[in-house]
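Chemist: Here it is, the structure, as structure tokens.
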Amino acid sequence: MNEISHSGTGLSHKSLSHSARRANAIITGLAIGVVVIVGISLLLGRYPIDPIQAIEMLVNCVVPIEQSWTDQQATLFFNVRLPRILLALMVGCCLSVAGAAYQGTFQNPLVSPDILGASQGAAFGAALAILAGFTGAMVSVSAFFMSLFTVFLVLLISSRAKGNHMMVVVLAGVMVSSLFQAGVSYTKLIADPNNDELADITYWLMGSLTGAKMSQVGIVFPILLIGCAVLFALRWRINILTMGDDEASTMGVNARVIRVIVIVAATFVTAACVSVTGMIGWVGLVIPHLCRMLIGADYRKLIPASMLMGAGFLLVVDDIARLATTAEIPIGILTAFVGAPFFLYLITRKKKI
């Protein structure tokens with residue numbers, strides 16, 4: 001009996017070791033893939049830049065070297081292409097990790113980063129700012145704080161309601177999200193089409209990385225870094241949350257506190273992303289699912305994999321958005337075109353995810 005037990009334990013350890021090595025290999029492959037995609041994206045565009053010149057321009061930022069590029073190329077590279085690539089990487093990474101964190105926290109694979117109304121709140125804030133005549137950074141600031149207010153309102157309502165706490169939070173999120181969606185519809189109704197208010201609101205709602213600036217990257221980067229660092233540090237605790245509150249308490253984990261921390265961190269990164277890019281859907285829903293198919297449901301591996309795959313995915317989609325046609329396609333439209341059919345495939349396939 002003991003021999004059988006030891007044999008089974010050995011096989012279990014071997015199986016776990018194999019799974020861990022496979023997951024690590026996939027994560028390494030994703031990291032290499034992101035680096036390759038970034039390198040290609042830096043060169044792609046209506047005004048191609050020679051690879052050697054791109055490398056020299058980057059090196060020149062650290063060590064001054066002889067200039068072999070034109071001032072126009074430098075302006076294009078540093079003021080247009082590089083900020084857009086960095087923002088695509090950051091937003092894709094953060095929406096994906098927020099989606100993965102929400103799915104684990106709510107124990108529901110259909111949950112996405114806007115489940116608590118963060119995206120609709122940001123849309124309403126942006127629409128109000130546009131109606132008030134603001135542009136640029138003020139629109140992003142209004143969207144960010146309205147997004148945070150929306151999630152705070154959801155948590156406040158759920159704390160006063162009775163019943164299953166997680167179910168109440170989700171229902172409160174759906175209700176508040178619908179309320180702010182109605183507010184966005186009303187702003188579109190009263191917007192003046194003659195001075196581009198309606199067009200600006202509509203375009204913002206479709207999501208885009210057009211006009212990305214280094215100043216935007218610099219503003220949102222600290223928020224995104226802190227939020228992602230918190231979610232990354234708590235990734236093993238999210239594993240415990242998926243087992244339920246009772247199991248978590250037996251392991252010495254305060255599920256309620258951890259859940260609040262995860263929700264706050266995921267909300268901050270979602271709000272920051274949406275405030276600078278507009279509404280980009282499906283990334284936070286589909287990418288965690290795809291990573292779960294590849295490496296399993298262990299959040300110690302799923303979180304970094306979602307970060308890398310999300311970053312690479314959104315950068316590829318943005319490359320298509322800016323190169324496919326002469327008139328740039330809003331990236332939110334493309335993510336929906338890619339995400340919706342793929343998600344239908346995921347939920348209809350016979351093999352359980």
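The values are calculated or read from the model by the stated rules, or taken from the named source; none is laboratory data. The model shown is predicted, which means the values in this text are computed figures rather than measured ones. Don't worry about glycine lacking a Cβ; one is built from the backbone with ideal geometry, like all the others, and counts go over all protein chains shown.
Chemist: Test each condition in (1) in contact with a Phe, Trp or Tyr (Cβ under 8 Å, 6 or more places away or on another chain); (2) polar (S, T, N, Q); (3) buried (at least 23 other Cβ atoms within 10 Å of the Cβ) for SER142 and report the one that comes out false.
Modeler: The failed condition is (3).
Chemist: List pairs: first in segment 294-313 and under 28 Å from LEU42 (Cα atoms), second crowded, with 24+ Cβ neighbours inside 10 Å and among the hydroxyl-bearing types (Ser, Thr, Tyr), Cβ under 7 Å, 6+ apart or cross-chain?
Modeler: Cβ pairs passing all conditions: SER306/SER96; MET307/SER96; MET309/SER96; GLY310/SER96.
Chemist: Among the candidates LEU16, LEU58, which residue alone is modelled with pLDDT of 85 or more and either in contact with a helix residue (DSSP H, G or I) (Cβ under 7 Å, 6 or more places away or on another chain) or assigned to a helix (DSSP H, G or I) (or both)?
Modeler: So the residue among LEU16, LEU58 that is modelled with pLDDT of 85 or more and either in contact with a helix residue (DSSP H, G or I) (Cβ under 7 Å, 6 or more places away or on another chain) or assigned to a helix (DSSP H, G or I) (or both) is LEU58.
Chemist: So which residues in segment 61-86 are over 18 Å from GLY218 (Cα atoms), part of a helix (DSSP H, G or I) and either touching a helix residue (DSSP H, G or I) at 6+ places or on another chain (Cβ under 7 Å) or of a type in the set (Lys, Arg) (or both), if there are any at all?
Modeler: GLN73, ALA74 - these are the residues of segment 61-86 that are over 18 Å from GLY218 (Cα atoms), part of a helix (DSSP H, G or I) and either touching a helix residue (DSSP H, G or I) at 6+ places or on another chain (Cβ under 7 Å) or of a type in the set (Lys, Arg) (or both).
Chemist: May I ask you to list the residues in segment 212-249 that are outside any helix (DSSP H, G or I), surrounded by 16 or more Cβ atoms within 10 Å (Cβ to Cβ) and hydrophobic (A, V, I, L, M, F, W, C)?
Modeler: ALA212, LEU234
Chemist: With respect to the numbered conditions (1) surrounded by 14 or more Cβ atoms within 10 Å (Cβ to Cβ); (2) out of contact with any Asp or Glu (no Cβ under 8 Å at 6 or more places or on another chain); (3) of a type in the set (A, V, I, L, M, F, W, C); (4) at pLDDT 90 or above, which one is the sole condition not fulfilled by LEU209?
Modeler: Unmet condition: (2).
Chemist: Here is a list of conditions, (1) surrounded by 15 or more Cβ atoms within 10 Å (Cβ to Cβ); (2) closer than 22 Å to VAL286 by Cβ, and GLY29 meets all of them except one; can you say which number that is?
Modeler: Among (1) surrounded by 15 or more Cβ atoms within 10 Å (Cβ to Cβ); (2) closer than 22 Å to VAL286 by Cβ, GLY29 violates only (1).
Chemist: Could you list, ordered by first residue, the pairs with Cβ atoms under 6 Å in which the first is in segment 131-159 and assigned to a helix (DSSP H, G or I) and aromatic (Phe, Trp, Tyr) and the second is crowded, with 21+ Cβ neighbours inside 10 Å and at pLDDT 90 or above, at least 6 apart or interchain?
Modeler: These pairs meet every condition: PHE144/ALA271; PHE144/SER275.
Chemist: Are there any pairs with C-beta distances below 8 angstrom linking a residue in segment 192-210 that is touching a residue at least 60 places away in the same chain (Cβ under 8 Å) to a residue that is of a type in the set (Asp, Glu), with the two at least 6 apart or on different chains, and if so which?
Modeler: SER208/GLU328; LEU209/ASP318; THR210/GLU328
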